[in-house]
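**Q** Structure below; questions to follow.
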Amino acid sequence: MYGDFKYLPGFSHFEYVNPNAPKGGVFKQAAIGSFDSLNSFIVKGNAAAGINMIYDSLLKQSSDEPFSGYCLIAEKVKVADDFSSVSFLINKNARFHDGKSIRASDVKFSFELLIEKGDPHFRSYYSGVKEVRVDNPLQVTFYFKEIGNRELALIIGQLPILPEHYWRGKDFSKSGLAIPLGSGAYRVESFEASKRITYQRVEDYWAKDLAVNKGINNFDSMIFDYYRDDSIAFEAFKSGAFDYRLESSSKRWATGYSGDNFVSGKIAKFTIADKTPQGMQGFWFNLRREKFKDIHVREAISLLFDFQWTNKTLFYSAYTRSDSFYAGSELATGREISQPELDILAPYKTQLPSAVFEPIEFAQNDGDGNIRGQMRKAVKLFELAGYQLKDSKMQDSKGQQLSFEFLLYSKDFERVVHPFRRNLQRIGIKTTIRLVDVSQFINRLNNFDFDLLSMRKGQSISPGNEQLSYWGCDSALQVGTANWAGICSPVIDELVNKLIMADTRKELVHTTQALDRVLLAEHIVIPQWYLPAYRIAYWDKFERPHVAPVYELGLSTWWSREAEDSQQEGAQ
């Protein structure tokens, strides 16, 4: 994206892998909910966990650089000097699992299919593409609408390549359980709908000896077992039903990982630093609802979430308050507006809330549950929005009590919501909880059928075109996009475009900080918390490389100790 490559032409493998890692063994994980589809590229259905492992892309991104792509299906890449186009020469050995060669026509077909029939985010993500041409059977060129978009060539490289000969004549937009044809390191071996899916490593995988694949994809089988909820999955993990767990509950991490298997070391437990941006986890308002259109209402409700008490009482003080949409990274804005941010935002000053240019303040208290000051401020904000507290009810000008629903898919999260609801009730706001299963939750999220829900929006270290889907006006009313809040602001659209067209890393960082500041001032989310670490536990039968990737956990680099022992025995 910017600067030089870490890995020079002719490199043998990425630094964070063991190039001699043995192949073999089984790696079992849990998934929550159910699945009814093997197509992850459309809105309909709930796709099986891990299904994208069966596909390869033109380029493979390294995990120890902000954004660099190295050849996978593509053997060579040529980017125009003004970033107006990119051409890919397909590796003549590249093939799908049925043995048919991957051709430039498959690349063009994949792009057009995803744009026309795929999830709406593909349309915004690749909206900068003007035309795709097949130059010859092994070369394809993408022409862009504008010059100067450094990221677009890289994200075209992320395009999953689908087989035209398989999908031609099939309804791609229809959810289903027909096993699709891929080209990646794994293929679907078997599945039981909503219960389990097993992936088998492809023995004759065409790209297994490429530098980008050395030392990864080491397990013969990857299995995902489905559980109704996370509590049941945790008990299953402790009994040995599956191998690995990424823990999201601070309470469970503090109190649940105990017993003989932990003391003896049969189950290993680690906290590993997470150096990626933490994004924003919070309660997201649906601004498509009339009740949330007034910024004073959103800010007032936000004041009644007592993070300090929640963190101290429920989470063993494990977390940091989310204070940015790019928390935990250089992309996050600070309390005071910086001069570069001020320069970027100055032309929009009359179009933005004054809070954008003021110090950012989050409610602070002692964590004792006393938030009377925040309540008084919230009531005043409601008054500015035309509400009044009357007869112990927060009423609008028509005498209607303000009420809304929290949409949840995890019963565990009710313990977070109930204290928040009590605070809201104290100033006359009526709330309910709607607990649904994961598939219903996803369906309602995709159709924007919610008042408030709790979600984490992750971010990459190099934000770009995906921000259009997160915050753009074009995505606000488009079903299935990632603009959960439904925010629509011409200023935000312009800032996103500036971010996408940034010429230097420094410019990208400053523009993202300015965007962050504007988003925070809109109060589209009630910030919750983050932890810049992975909390992992696994049955002690695996090995990991000595060097870890910087921007991901790196499960694909692990290997089976049993396979290693077998390899050593065979060498004796």
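**Q** So which pairs qualify, if the first residue must be in the range 216-229 and within 10 Å of THR198 (Cβ to Cβ), the second must be of a type in the set (Asp, Glu), the Cβ gap must be under 8 Å, and the two must be at least 6 apart or on different chains?
**A** Once the first residue is within 10 Å of THR198 (Cβ to Cβ) and sits in the range 216-229, its partners that are of a type in the set (Asp, Glu) give SER221/GLU189.
**Q** Given the conditions (1) touching a helix residue (DSSP H, G or I) at 6+ places or on another chain (Cβ under 9 Å); (2) under 26 Å from ARG187 (Cβ atoms); (3) crowded, with 20+ Cβ neighbours inside 10 Å, report the number of the one that TYR125 does not fulfil.
**A** (2)
**Q** From SER460, SER489, SER475, grab the single residue that is more than 18 Å from LEU408 (Cα to Cα), open to solvent by 40 Å² or more (accessible area, probe 1.4 Å) and hydroxyl-bearing (Ser, Thr, Tyr).
**A** Exactly one residue qualifies, and that residue is SER460.
**Q** Oh, and also: Yes or no: ILE267 within 22 Å of LEU553 (Cβ to Cβ), in contact with a helix residue (DSSP H, G or I) (Cβ under 8 Å, 6 or more places away or on another chain) and of a type in the set (Val, Ile, Thr)?
**A** On the way: within 22 Å of LEU553 (Cβ to Cβ): yes; in contact with a helix residue (DSSP H, G or I) (Cβ under 8 Å, 6 or more places away or on another chain): yes; of a type in the set (Val, Ile, Thr): yes.
Yes: the conditions hold for ILE267.
**Q** Being in contact with a Leu (Cβ under 7 Å, 6 or more places away or on another chain), in a helix (DSSP H, G or I), aliphatic (A, V, I, L, M) and surrounded by fewer than 22 Cβ atoms within 10 Å (Cβ to Cβ), is that true of even one residue in the range 523-538?
**A** No; the residues of the range 523-538 include none that is in contact with a Leu (Cβ under 7 Å, 6 or more places away or on another chain), in a helix (DSSP H, G or I), aliphatic (A, V, I, L, M) and surrounded by fewer than 22 Cβ atoms within 10 Å (Cβ to Cβ).
**Q** In the range 26-55, how many residues are under 24 Å from ASN218 (Cα atoms), under 19 Å from the mean Cα position of the chain (by Cα) and not in a strand (DSSP E or B)?
**A** Count: 8.
**Q** In the list LYS130, LYS60, which residue meets the criterion of being closer than 30 Å to GLY3 by Cβ, open to solvent by 20 Å² or more (accessible area, probe 1.4 Å), touching a Phe, Trp or Tyr at 6+ places or on another chain (Cβ under 6 Å) and touching a residue at least 24 places away in the same chain (Cβ under 8 Å)?
**A** One residue alone meets the criteria, LYS60.
**Q** Also: Quick check on the range 355-379: of everything there that is touching a residue at least 12 places away in the same chain (Cβ under 8 Å) and not in a loop (DSSP other than H, G, I, E, B), which residue is most open to solvent (accessible area, probe 1.4 Å)?
**A** LYS377
**Q** Taking the criterion of being within 30 Å of TYR227 (Cα to Cα), modelled with pLDDT under 95 and assigned to a loop (DSSP other than H, G, I, E, B), would at least one residue in the range 498-507 satisfy it?
**A** The answer is no; no qualifying residue exists.
**Q** Follow-up question, since we're still on this one. Taking only the range 397-412 into account, find how many residues are of a type in the set (Phe, Trp, Tyr) and open to solvent by less than 40 Å² (accessible area, probe 1.4 Å).
**A** Residues meeting the conditions: 2.
**Q** Could you please give the count of residues in the range 181-205 that are at pLDDT below 95 and of a type in the set (A, V, I, L, M, F, W, C)?
**A** 1
**Q** Something else: Restricting attention to the range 403-425, does a residue exist that is over 32 Å from the mean Cα position of the chain (by Cα) and not in a helix (DSSP H, G or I)?
**A** Looking through the range 403-425, none of the residues is over 32 Å from the mean Cα position of the chain (by Cα) and not in a helix (DSSP H, G or I).
**Q** Another question about this same structure. Going by the conditions given, is GLU336 in a loop (DSSP other than H, G, I, E, B), open to solvent by 30 Å² or more (accessible area, probe 1.4 Å), out of contact with any Ser or Thr (no Cβ under 8 Å at 6 or more places or on another chain) and at pLDDT below 95?
**A** Working: in a loop (DSSP other than H, G, I, E, B): yes; open to solvent by 30 Å² or more (accessible area, probe 1.4 Å): yes; out of contact with any Ser or Thr (no Cβ under 8 Å at 6 or more places or on another chain): yes; at pLDDT below 95: no.
So GLU336 does not fit the description; no.
**Q** In addition: Across the range 376-403, what is the total count of residues that are touching a Phe, Trp or Tyr at 6+ places or on another chain (Cβ under 7 Å) and of a type in the set (A, V, I, L, M)?
**A** The qualifying residues number 2.
**Q** Search the range 433-457 for residues being assigned to a loop (DSSP other than H, G, I, E, B) and open to solvent by 50 Å² or more (accessible area, probe 1.4 Å), and hand back the single one that is nearest to GLU290 (Cα to Cα).
**A** ASP449
**Q** Can you tell me which residues in the range 525-545 are more than 30 Å from SER560 (Cβ to Cβ) and in contact with a Lys or Arg (Cβ under 7 Å, 6 or more places away or on another chain)?
**A** PRO527, TRP529
**Q** Between a first residue in the range 551-563 that is farther than 20 Å from PHE14 by Cβ and at pLDDT 95 or above and a second residue that is assigned to a helix (DSSP H, G or I) and open to solvent by 60 Å² or more (accessible area, probe 1.4 Å), which pairs have beta carbons less than 7 Å apart while being 6 or more apart in sequence or on different chains?
**A** That search, which allows pairs on different chains as well, returns nothing.
**Q** Do you know which of the residues in the range 136-157 that are surrounded by fewer than 14 Cβ atoms within 10 Å (Cβ to Cβ) and of a type outside the set (Lys, Arg) is nearest to GLY3 (Cα to Cα)?
**A** GLY148
**Q** Then there is this: For the range 178-202, which positions are under 20 Å from THR557 (Cβ atoms) and either open to solvent by 20 Å² or more (accessible area, probe 1.4 Å) or among the aromatic types (Phe, Trp, Tyr) (or both)?
**A** Across the range 178-202, the qualifying residues are TYR186, TYR199, GLN200, ARG201.
**Q** Further question on the same structure: Run SER68 past the list (1) open to solvent by 40 Å² or more (accessible area, probe 1.4 Å); (2) farther than 30 Å from ASN447 by Cβ and report the number of the one that doesn't hold.
**A** Here SER68 meets the rest and fails (1).
The values are calculated or read from the model by the stated rules, or taken from the named source; none is laboratory data. Nothing here was measured: the structure is a model prediction, and the numbers come from that model. Please note: Cβ atoms are built from the backbone with ideal geometry, for glycine as well, and neighbour counts cover all protein chains shown. Surface areas here come from the heavy atoms of the whole protein model, side chains and all, with no ligands, DNA or RNA. Shrake-Rupley method; radii C 1.70, N 1.55, O 1.52, S 1.80 Å.
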